[in-house]
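Just so it is clear, none of the values below were taken in a lab; they were calculated from the coordinates. From a predicted model like this one, the values you see are computed outputs, not experimental measurements. Here the Cβ is made from the backbone with ideal geometry for all residues, glycine too, and neighbour counts use every protein chain on show.
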Ligand code: URP
Ligand code: ZN
Ligand code: ZN
């Protein structure tokens, strides 16, 4: 009779706070012992001095999300979560997106049907609120928050998704009252529309003009406005996919005022630039169209600095999978389609963890503890999944990654398990990849995909930690 289902021996355990030597005892999917010379388990895994981190939590992915523009996301809940697992991610939080005119409840029900028995790893949902009618604001949203949908995203751009400032205020005030966490996509819609019209009129239609249509200032202005709206309502927010200096400056200012404004960034802002969208008018640049667009080398450095000095709370993939070949992805409107008609988004759920471990931790830019905070612990805390997820501690789910390091290899799409036919990071030389991923104690990746559809469980979110943006000196008389 064994007291442990699995014992991982000789690990260099990394948490957001510490790195320490330990064995890890696992029973019924949970971590039940940390220490030396644990009794023999039914399964024994020798980690032999390797780093062992909490499984990644990717707090920003898009799987099987209806787009409404003729393009189709390439990953559903099976291929998306399988890809995540093979890259060391053990929890994902995709988006249940309300179509305008649709009930939010119907969007959630539809998204549960899409997930059904497909997920390989555990998952929660964020909501996307696109139509905050009185019924949604007064009834549906509070009820859904109470049921565990405790975070939602609001868009300031994209015609099918965006809210105006008044709608954002109304929705933020529901978040404040109910204690939910709001994510903001901050880009100024009218500026983008105006620039796009002028670019197209001048015949500048190629993918690379996407970056010209969404310059840094449109992100800066919307970031500033999002902060002001949140400050007025007095509610914490997350600014997602921060791409460069001017947005960082706005958030830093807010944080300096004591406002709880959290920042997320993504691999594309560290490893791609606007040149990745092409230096000529070829269609190839469509592969790297995402919003906000990647910037330049100086902005990349600002994003690295922000990871190094603790400015960023979250490092997510913003995996938005569209195939390059075929006719339902980037080419949904043909190769001659102008940049504004090409599906926004790039794949990255499988490469997120290894890119940051390889180019962040192994180069000495960030500590292993910061890596864990950015890719797992902070995500769990902000979105109500901590302490069951996001740490290596007694009682936590045994979601773990054992790292293989120091054997450089060239990244190419063939080694990935998503259903996308390219990776924007092809050709990069990396020096780390997960050797083993465990989801609730079960091996889902050991160099081969070992997971099974339906293993993943839905996780209702608890209410996130901070309920107020700051303590007001004077309360508004409301
Ligand atoms: O281009 C992007 N980022 N596509 C995904 C949707 C979003 O706004 O995050
Ligand atoms: Zn977004
Ligand atoms: Zn996104």
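In table form, for the structure just shown:
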quantity: Residue satisfying all of: in segment 51-62; assigned to a loop (DSSP other than H, G, I, E, B) and within 15 Å of ligand 2 (Cβ to nearest atom); surrounded by the most Cβ atoms within 10 Å (Cβ to Cβ) among these; calculated: 59
quantity: Residue match in segment 126-142 (condition: within 16 Å of ligand 3 (Cβ to nearest atom), crowded, with 22+ Cβ neighbours inside 10 Å and touching a residue at least 40 places away in the same chain (Cβ under 8 Å)); calculated: yes
quantity: Residue in segment 292-301 that is within 15 Å of ligand 3 (Cβ to nearest atom), in contact with a strand residue (DSSP E or B) (Cβ under 8 Å, 6 or more places away or on another chain) and more than 19 Å from residue 354 (Cβ to Cβ) present; calculated: no
quantity: Residue in segment 127-149 that is more than 17 Å from residue 168 (Cβ to Cβ) and assigned to a strand (DSSP E or B) present; calculated: no
quantity: Helices (runs of 4 or more DSSP H) contained entirely in segment 169-258, each with at least 3 residues that are within 27 Å of residue 311 (Cα to Cα) and within 16 Å of ligand 3 (Cβ to nearest atom); calculated: 216-233
quantity: Selected residue [away from ligand 1 (no atom under 14 Å from the Cβ) and more than 29 Å from residue 168 (Cβ to Cβ)] from 244, 278, 256; calculated: 278
quantity: All positions within segment 407-430 that are crowded, with 17+ Cβ neighbours inside 10 Å and part of a strand (DSSP E or B); calculated: 430
quantity: Pair list, Cβ under 8 Å, 6 or more apart: segment 298-310 residue on the phi > 0 side of the Ramachandran plot, other residue assigned to a helix (DSSP H, G or I); calculated: 310/370
quantity: Test for residue 145: is it within 25 Å of residue 114 (Cα to Cα), surrounded by 15 or more Cβ atoms within 10 Å (Cβ to Cβ) and away from ligand 3 (no atom under 16 Å from the Cβ); calculated: yes
quantity: Matching entry among 325, 285 (being touching a residue at least 12 places away in the same chain (Cβ under 8 Å), surrounded by 24 or more Cβ atoms within 10 Å (Cβ to Cβ) and away from ligand 3 (no atom under 15 Å from the Cβ)); calculated: 285
quantity: Residue count, segment 164-174 (criterion: surrounded by fewer than 20 Cβ atoms within 10 Å (Cβ to Cβ) and under 22 Å from the mean Cα position of the chain (by Cα)); calculated: 0
quantity: Looking only at segment 63-82, and only at residues there that are in contact with a strand residue (DSSP E or B) (Cβ under 8 Å, 6 or more places away or on another chain) and part of a helix (DSSP H, G or I), the one that is farthest from residue 239 (Cα to Cα); calculated: 82
quantity: Test: residue in segment 375-385 that is free of Cβ contacts under 8 Å to residues at least 24 places away in the same chain and more than 16 Å from ligand 1 (Cβ to nearest atom); calculated: no
